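The values are calculated or read from the model by the stated rules, or taken from the named source; none is laboratory data. Just so it is clear, the structure is predicted and the values come from calculations on it, not from any experiment. So basically every Cβ, Gly included, is an ideal-geometry build from the backbone, and we count neighbours across all protein chains shown. Areas reflect the complete protein model, heavy atoms only, side chains present, ligands, DNA and RNA absent. Shrake-Rupley method; radii C 1.70, N 1.55, O 1.52, S 1.80 Å.
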Amino acid sequence: MQPRQHSAFGEKAVANEPGKAEDETAQKLILAGMELFGQYGFKGTTTRMIAEAADSNIGSIAYYFDNKTGLYHAIARHIARRMREVFGFTGEQSAASASDCDQALAQLELIVKRMVRQFAQAPEARRWLMLVMREQASPTEAFDILYEETFERVHVHLTRLIAVVMDRSPDERRVIIEAHTVMGQIVFFLVGRFPLLRRLGIEGEFPPDVVDTAEQVVISHLHALAFTTKG
């Protein structure tokens, strides 16, 4: 049996092999749906709302995605793929090359810098935010897509590197929780951007020096893990 194919546009779009104009229509539906689902939730968003926001015929949702659920899952796959791309997790990730603490820290610093800059500066991450937060708070099948295609992959890689830094097993709960804490610190520069901007007396966007400081703070926490003992 042939494995079912997925694209950013969903299974039906793969079968139909759409051309450039059709690709653009499907992409507009994904971007419009991402914003509306994030704002109103799955139940509060109608296919008519999405079609109007995408300036598309309502029948195009059925053509590309079968139905609203198919579009919602396609959006989850789109977000998962874009996360892998912008965070540099497009291939097989392995921490086997990090044979000592210094090498593991060097790899972690690169990951932290990519993620902090994406969450603190890139507008694209803000478009993902509300839908991802809804799935974190009340998981559906879309959460399984996000978790299996991106969240787990990133989390496992960070856990393995942190295990090297701490000289512990990556299967220990403490190490897994440390990795989760590091991810939480980074993500909060997006989730909690407005309180931080107000606290710093800044209007608009994070200036470069604040982003540099954010990187340094998270990286300093990683270096502190090297002093965590097995006790």
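See the values below:
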quantity	calculated
Selection from the stretch 22-62 of residues that are in a helix (DSSP H, G or I) and charged (D, E, K, R)	22, 23, 24, 28, 35, 43, 48, 52
Residue list for the stretch 193-202, restricted to those being exposed (fewer than 15 other Cβ atoms within 10 Å of the Cβ) and either modelled with pLDDT under 95 or assigned to a helix (DSSP H, G or I) (or both)	194, 195, 198, 199
One residue from 106, 142, 163, 125 being among the small types (Gly, Ala, Ser), part of a helix (DSSP H, G or I) and open to solvent by 20 Å² or more (accessible area, probe 1.4 Å)	106
Some residue of the stretch 174-191 being surrounded by 13 or more Cβ atoms within 10 Å (Cβ to Cβ), hydrophobic (A, V, I, L, M, F, W, C) and under 19 Å from residue 37 (Cβ atoms)	yes
Of all residues in the stretch 145-158 being out of contact with any His (no Cβ under 9 Å at 6 or more places or on another chain) and open to solvent by less than 20 Å² (accessible area, probe 1.4 Å), the one that is nearest to residue 38 (Cα to Cα)	146
